[in-house]
Amino acid sequence: VVTTSAGDVINSASAGIDAINNAASVPAASNSSVVVTANGTINSGTVSTGNGNPAAGIVAGYSYNSSPDSNVVGDIIVDDFANITAAGGDGIRVFDYGIGNVTVIDEAGTTITATGDASSRYGIYAQNYGPGNTSVSTSAGDVINSAGAGIHAINGAALVLASSNSSVVVTARGTINSGTVVNSNGSPAAGILAGYNFNNAPDS
């Protein structure tokens, strides 16, 4: 659990907040979760994170070897009240390579800017690589400025059974100013990208 308070200012050469569980095994019985509640201001930099990924204002997730792993079970929740300026990478980047739900809430009146350098892409990036739910919501008065897609909410799992009742839900309010930088799979940018997308190929 990571929490910052109103009036806090984070100035970082890399990620502003980096909340990652890299355990090789996280049993369901452990009731694990990664929770970030951010208030104040985050000014993140351009230096790659410890695992070699681009920086971001907030990074949160389960990421053992950056490959899907059913031995890792846990939910990720990012509740953002902060204004974020990301000099590199994404404003908020959340991912789950295990089994769990991904939730990003951008509270009212915030500004997220991710237009800094060549690594800049998404205002909010939320990706699930398992059968869980992916949810992104923004609020009235929010502004997202991004070099690529404003909101990227994708389930990239190779297999999602109907019995899992998985969903991808985006509720967008406020303003999104998206850019021209293509997505990581080479598809064009957009204000909002949402769906199930494993290898860009039809899959029953």
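Give, in nm to one decimal, the length gained when the segment between Asn65 and Arg173 is fully stretched (0.36 nm per residue of separation minus the Cα-Cα distance). Please list the in-between numbers first.
Working: separation 108, 0.36 × 108 = 38.88 nm, distance 3.47 nm.
Gain on extension, Asn65 to Arg173, equals 35.4 nm.
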Margin query: Looking at the chain as a GNM with Cα springs under 10 Å, which of Ala190, Ala29, Ala13 has the largest mean-square fluctuation?
Written below: Ala29
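Keeping the other protein chains in place, figure out the carbon and sulfur percent of the accessible area of the stretch 105-204, with a 1.4 Å probe. Present the calculation step by step, with values, prior to reporting the outcome.
Working: 2400 of 4580 Å².
Exposed carbon and sulfur together represent 52 percent of the surface.
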Check: Scaled to the compact-protein estimate 2.2 N^0.38 Å, what is the alpha-carbon radius of gyration of the chain, rounded to two decimal places?
Finding: 0.94
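Are there chymotrypsin sites (Phe, Trp or Tyr not before Pro) in the stretch 71-104 that DSSP puts in a loop and that have at most 12 other Cβ atoms within 10 Å, and which ones?
Values: sites: Phe81, Phe95, Tyr97; in loops: Phe81, Tyr97.
Here no chymotrypsin sites (Phe, Trp or Tyr not before Pro) fit, given the DSSP loop and packing criteria.
Is there a quick way to get the dipole size of the stretch 68-161? I mean about its Cα centre, with the Cβ of Lys and Arg at +1 and of Asp and Glu at -1; what is the value in debye to the nearest 20? Present the calculation step by step, with values, prior to reporting the outcome.
Working: 2 positive and 10 negative charges, 48 e Å.
My answer is approximately 240 debye.
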Check: Put +1 on the Cβ of each Lys and Arg and -1 on the Cβ of each Asp and Glu in the chain; which of Val169, Ala24, Val72 then has its Cα farthest toward the positive end of the dipole?
Finding: Val169
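Based on Cβ point charges of +1 for Lys and Arg and -1 for Asp and Glu, what charge dipole magnitude is obtained for the chain about its Cα centre, in debye rounded to the nearest 20? The partial results should precede the final answer.
On the way: 3 positive and 13 negative charges, 49 e Å.
In debye, rounded to 20, the chain gives about 240.
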Next item on the list: Choose one of Ser184, Gly40, Ala56: the residue whose Cα lies farthest towards the positive end of the charge dipole of the chain (beta-carbon charges +1 Lys, Arg; -1 Asp, Glu; about the Cα centre).
Entry: Ser184
Notebook entry, point to check: Nearest 0.05, what FRET efficiency do Ala28 and Ser5 give at R0 = 30 Å with Cβ-Cβ as r?
Noted result: 0.40
Next item on the list: Let me know the Rg and Dmax you get for the stretch 116-168 when you use only its Cα atoms, in Å.
Entry: 13.7, 42
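For the stretch 92-204, report the % of Cα-Cα distances exceeding 16 Å. Working shown, then result.
Values: 3620 of 6328 pairs.
Percentage above 16 Å: 57.
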Notebook entry, point to check: How large is the accessible surface per residue of the chain, computed with a 1.4 Å probe and reported in Å² as a whole number?
Noted result: 43 Å²
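Tell me the Kirkwood hydrodynamic radius of the stretch 1-75 in angstroms, computed as one over the mean inverse distance between distinct C-alpha pairs. Before the final figure, lay out each step's value.
On the way: mean 1/r = 0.0748 Å⁻¹.
This gives a value of 13.4 Å.
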Check: Top mean-square fluctuation among Asn101, Asn155, Asn22, Gaussian network model of the chain, C-alpha springs under 10 Å?
Finding: Asn22
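The values are calculated or read from the model by the stated rules, or taken from the named source; none is laboratory data. Quantities reported herein were computed from a predicted structural model and do not represent experimental measurements. For neighbour counting, all protein chains shown are included, and Cβ atoms are generated from backbone atoms with ideal geometry for every residue, glycine included. For the accessible areas, the whole protein counts, side chains as well, though only heavy atoms, and no ligand, DNA or RNA atoms are used. Shrake-Rupley method; radii C 1.70, N 1.55, O 1.52, S 1.80 Å.
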